[in-house]
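The values are calculated or read from the model by the stated rules, or taken from the named source; none is laboratory data. As the structure is a computational prediction, the values presented were derived from the model and not from experiment. Ideal geometry is used to build each Cβ from the backbone, glycine not excepted, and the neighbour counts take in all protein chains shown. Each accessible area value is taken on the protein alone, full model and side chains, heavy atoms only, with ligands, DNA and RNA left out. Shrake-Rupley method; radii C 1.70, N 1.55, O 1.52, S 1.80 Å.
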Amino acid sequence: MKILAVCGMGIGTSVILTGNIEKAAHDLGLDAEIEVADIWTARGAAAGADVVMTSGELAAELGDVGVPVAVIDDFLDGDEVRARLATAVGR
Amino acid sequence: MTEPPLSRLLPVEAIMTTVHVADWRGAIRTSGELLVATGVTTEDYVRQMLEAVDEYGPYIVITPGLALAHARPSPAVLRTGLSWAGLASPVKFGHPQNDPVHLVIGLAAVDHDAHSSALSRLARILADRDRQEKLRGSERPEQVHALIAEYEES
């Protein structure tokens, strides 16, 4: 499956999020490919993904992209990232 | 490829503790001025860091109490680097869950990849709440720098 990590700029938040998504996907036994997109390119890229993960504010900006959007409050919290990903993929 | 250690990306000159600021703009400006002072960016980048929050909101407050202030790679970035502004009193960024902010980490990157492993290491250090408390409680930049170097090696 493809997971899209969305942030504003593509250099900071998403880098931190990507590391935690990798760990979470591994823990959940998901064969995941993680891509990073800034908010500009995310709308187009989301259609080709299975799950989108981002902050609450950017999720609101993104709106309905046709795939589950997992909202992360604490980007440093690996447990939260895993729980939100699990819910989004129905595990 | 081996990436530079955090101690080089975040030298002691780029660290300030117990900074007094009036609001989130002052907090971001402080973290940006530290990047300028250490030759990481030009003044333009500080403006871009503020514009990023004006445009996208306070999503840079990535965890309770901590903001990762940054903008896009641009000609205003001279080299990849980090800064650390520990605030004397916390300020609100307007984030629904993670306010108020005690610590602003400034980040400037020349591209999307060169700094990713260093930033992941920093994230791992800060994700440990006990370590983060100890870092936040440090009153001198030398203390912060030494603790980060120690954690990175452990």
(message) Using a 7 Å offset from the Cα along the Cα-to-Cβ direction at both B:Glu139 and B:Ser89, what is the distance between the two label points in nm, to one decimal?
(response) 1.9 nm
(message) Hydropathy at least -1.0 by Kyte-Doolittle, axial extent at least 15 angstrom from the Cα trace: which helices of chain A, defined as entire DSSP H runs, fit?
(response) A:13-27, A:78-89
(request) Quote the accessible area belonging to A:Ile34 in square angstrom, nearest 10, computed with a 1.4 Å probe and with ligands, DNA and RNA left uncounted. (result) 40 Å²
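Calculate the mean, over all residues of peptide A:50-56, of how many other protein chain Cβ atoms lie within 10 angstrom of the residue's Cβ.
Values: counts 0, 0, 0, 0, 1, 10, 5.
Taking the mean over all residues of the peptide, I get 2.
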(request) Quick one: which residues, 5+ away or cross-chain, put their amide H under 5 Å from the amide H of A:Ala5? H built at 1.01 Å from N. (result) A:Glu35, A:Val36, A:Ala37, A:Met53
(request) With no solvent and one equal point scatterer placed on each C-alpha of the protein assembly as shown, evaluate the Debye formula and give log10 I(q)/I(0) for q = 0.09, 0.14 Å⁻¹, two decimals. (result) -0.35, -0.87
(request) Provide the per residue accessible area, probe 1.4 Å, for chain B, rounded to a whole number of square angstrom. (result) 43 Å²
(message) Taking θ = phi - 60°, what integer Hz values does the Karplus form 6.51 cos²θ - 1.76 cosθ + 1.60 yield along the range B:61-72, in sequence order, with x for Gly and Pro?
(response) 7, 7, 7, x, x, 10, 10, 9, 7, 6, 9, 6
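Could you sort A:Lys2, B:Lys92 by their accessible area in this structure, using a 1.4 Å probe and putting the largest first? Provide the component values of the computation, followed by the final result.
On the way: A:Lys2 60, B:Lys92 150 Å².
In descending accessible area the options line up as B:Lys92, A:Lys2.
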(message) Can you give me the solvent accessible area of B:Glu150 with a 1.4 Å probe, rounded to the nearest 10 Å²?
(response) 110 Å²
(message) Just to make sure I understand: if all protein chains stay in place, what is the order of B:Tyr151, B:Tyr59 by accessible area at 1.4 Å, largest first?
(response) B:Tyr151, B:Tyr59
(request) Please give the total accessible area that chains B and A bury against each other, computed with a 1.4 Å probe and expressed in Å² to the nearest 100. (result) 2100 Å²
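For B:105-114, what's the mean count of beta carbons from other chains sitting within 10 Å of each residue's beta carbon?
Averaged over the peptide's residues, the number is 3.
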(message) Rounded to the nearest 10 Å², what accessible area does B:Met49 have for a 1.4 Å probe in the complete protein model?
(response) 0 Å²
(message) Quick check: at a probe of 1.4 Å, how many percent of the accessible area of the range B:73-141 sits on carbon and sulfur atoms?
(response) 49 percent
(request) Between the alpha-carbon centers of the range B:115-154 and the range A:31-58, tell me the distance in whole angstrom. (result) 29 Å
(request) Excluding residues fewer than 8 places away in the same chain, name every one of the lysines whose C-alpha is closer than 30 Å to that of A:Lys2. (result) A:Lys23
(request) Determine the order of B:Val12, B:Val110 by accessible area, beginning with the largest, at a probe radius of 1.4 Å. (result) B:Val110, B:Val12
(request) Provide a whole-number value for the mean count of partner chain Cβ atoms within 10 Å of the Cβ atoms in peptide A:72-84. (result) 4
